[in-house]
Amino acid sequence: MRPEIIVEPLPQLPDFGPDVLKMFQIFHPYAFDKTAKAFLAGQRFVHYTSADNALKMFRNREVWMRKSTCMNDFMEIQHGFACLKASTEVHVADLKRIFDGMFPGFNDKLVSAFNSWLPAFNNDTYIACLSEHDTSEDRLGRLSMWRAYGGSAGVAVVLNGAPFIRPSDALKAYTSPVAYLDQDGFDREFVRFIESVEANSDFVKGLGEAAVLGRVFEVFRSAMLCTKHPGFHEEREWRVIYSPSYMKSSYVKAEIESVNGTPQPVCKIPLANIPDKGLTGIEIPELVERVIIGPTKYPRVIQEAFSILLSSIDMPDAASRVTVSDIPLRN
C-alpha cells in the first residue's frame, strides 16, 4: 500500500497568505518566478491543435487531457526522472543533512514514498499542453508550432491566462510551467531549491514533518513531470497535469476516444465554472480570446465554420475573433 502524501493545494496567486506564498517561493523557486512573471504580465496562453480537436472542444465544451505516454516528445517523463535521479544522487548528503537534521529519517521516508508512486506517475498521468502567447503572434501564430501540431488543418486557440495562473483545487488538475533543462541546468535548479530550503530552515521546520514531506514530494513530482529536453524550448510550454490515481476529481471524466486513429483513454475537463470551489473563468466565452486558423487548404471555410460555432455558444463578436494566418506554409 502506498504511503499517503498530503499536499496543501496552492491557492489563487493574488490571494496567497504570506506563509503559503513563502512556501511556494521556498520550495518551487523556478515555478514561483515564472508564475509571478506571468501574472504581472497578464500572460495569455495558446493551445495549438487540429481543427477537428478544436471543433470537439467547442462543441462539447470540454478539454481532453492525454496520457503522457502519447505526447509528442516520446521521453516526456523519462527525461525529467533521469535528471531528478541524477541530482538526488549527487546531492544526497545535502538532502540528508538538511531534512534529516530537521526530522530524523525524513530522507528515507521521502524516497520510499516517491518510489512507491512512480508507477502511477509514469502510467497514470494526463496532460494538456499550452504555450505562452505574445501579442506579436496574434495575426500569424508561431510557425514552429504550426509545423509540429497543425497537421493539414491546424488551429491555435488563444486563451485568457488568469484561470491557469490562479488555479482552484476543484479539478485536482494543476498548471505548471515547463523547465527546459539538460542535466547541468537541472542540477543548478536543484541546488537552488536546496539552498532556498536551507536559508529558511527555521520556517520550514516549523511547518512540521508531514507538511514538509508533502511539499518536497510535490517538488520531486513536479520536477519529474515538468522538465523537458531543452531542444523543445521554443514551445514555451505550460502543462495542466492530472494523475487520477494520486488525486482524483469528481468533475473530470475518464473515457476512451480515438485520437488520430489511435484508441486511448483520455481525461476530459468540463469547461464550466465551479464558483463555490473557486474555479471561474473557464467557460468558453470568457476563456477563449481568439482563434487563429493555421496554414491549410481551406482556411476560409474553416474560419466560417468556427465563427458560426462560436456564435452558437454565445461568444461575443465571434466573427471578429476568428482570423486566418497567412504564413505561406504548405502542409
Item to check | Residue of Leu207, Leu225, Leu279 that the Gaussian network model of the chain assigns the largest fluctuation, springs spanning Cα pairs under 10 Å | outcome: Leu207
Checklist entry - Dimensions of the range 98-174 along principal axes (Cα, Å, largest first)? => result 57, 26, 26
Checklist outcome for this item: Carbon and sulfur atoms account, in whole percent of the 1.4 Å probe accessible area of the chain, for 54 percent
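Taking only C-alpha pairs under 8 Å that are 6+ residues apart, what is the relative contact order of the range 217-275 in percent?
21 percent
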Checklist entry - What percent does the relative contact order of the chain come to when contacts are Cα pairs within less than 8 Å and at least six residues apart? => result 30 percent
Checklist outcome for this item: Taking only the alpha-carbon atoms of the range 162-308, the convex hull volume per residue, in cubic angstrom, is 183 Å³
Checklist entry - Can you give the convex hull volume of the alpha carbon atoms of the range 226-269 per residue, in Å³? => result 120 Å³
Item to check | Surface accessible to a 1.4 Å probe, Ser68 within the full protein complex, Å² | outcome: 10 Å²
Item to check | Stokes-Einstein D in µm²/s, Kirkwood radius over Cα pairs - the chain at 10 °C with 1.306 mPa s viscosity | outcome: 76 µm²/s
Checklist entry - Over all directions, what mean area does the Cα convex hull of the range 21-121 project, stated in square nanometres? => result 9.7 nm²
Checklist entry - What does the charge dipole of the chain about its Cα centre add up to, to the nearest 20 debye, if the Cβ of each Lys and Arg holds +1 and the Cβ of each Asp and Glu holds -1? => result 680 debye
Item to check | Probe 1.4 Å, all protein chains present, accessible-area order of Phe27, Phe32, largest first | outcome: Phe32, Phe27
Checklist entry - What does the charge add up to near Ala254, with Lys and Arg as +1, Asp and Glu as -1, over the other residues with Cβ less than 11 Å from its Cβ? => result +1
Checklist outcome for this item: If exposed means trypsin sites (Lys or Arg not before Pro) lying in a DSSP loop and surrounded by at most 10 other beta carbons within 10 Å, then the longest stretch of the chain lacking such sites spans residues 1-296
Checklist outcome for this item: The extension gain from Phe39 to Glu304, computed as 0.36 nm times the residue separation minus the Cα-Cα distance, is 92.1 nm
Item to check | Cross-link pairs Lys22/Lys205; Lys37/Lys268; Lys34/Lys228 - those with Cα-Cα distance over 20 Å | outcome: Lys37/Lys268
Checklist entry - Going by a ≥ b ≥ c, the root eigenvalues of the Cα gyration tensor, does the range 171-211 fall in the rounded group (a/c under 1.5), the prolate group (a/b larger than b/c) or the oblate group? => result oblate
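The values are calculated or read from the model by the stated rules, or taken from the named source; none is laboratory data. From a predicted model like this one, the values you see are computed outputs, not experimental measurements. In this analysis, Cβ positions are derived from the backbone assuming ideal geometry, glycine residues included, and neighbour counts consider all displayed protein chains. With ligands, DNA and RNA removed, areas are computed over all heavy atoms of the protein, side chains included. Shrake-Rupley method; radii C 1.70, N 1.55, O 1.52, S 1.80 Å.
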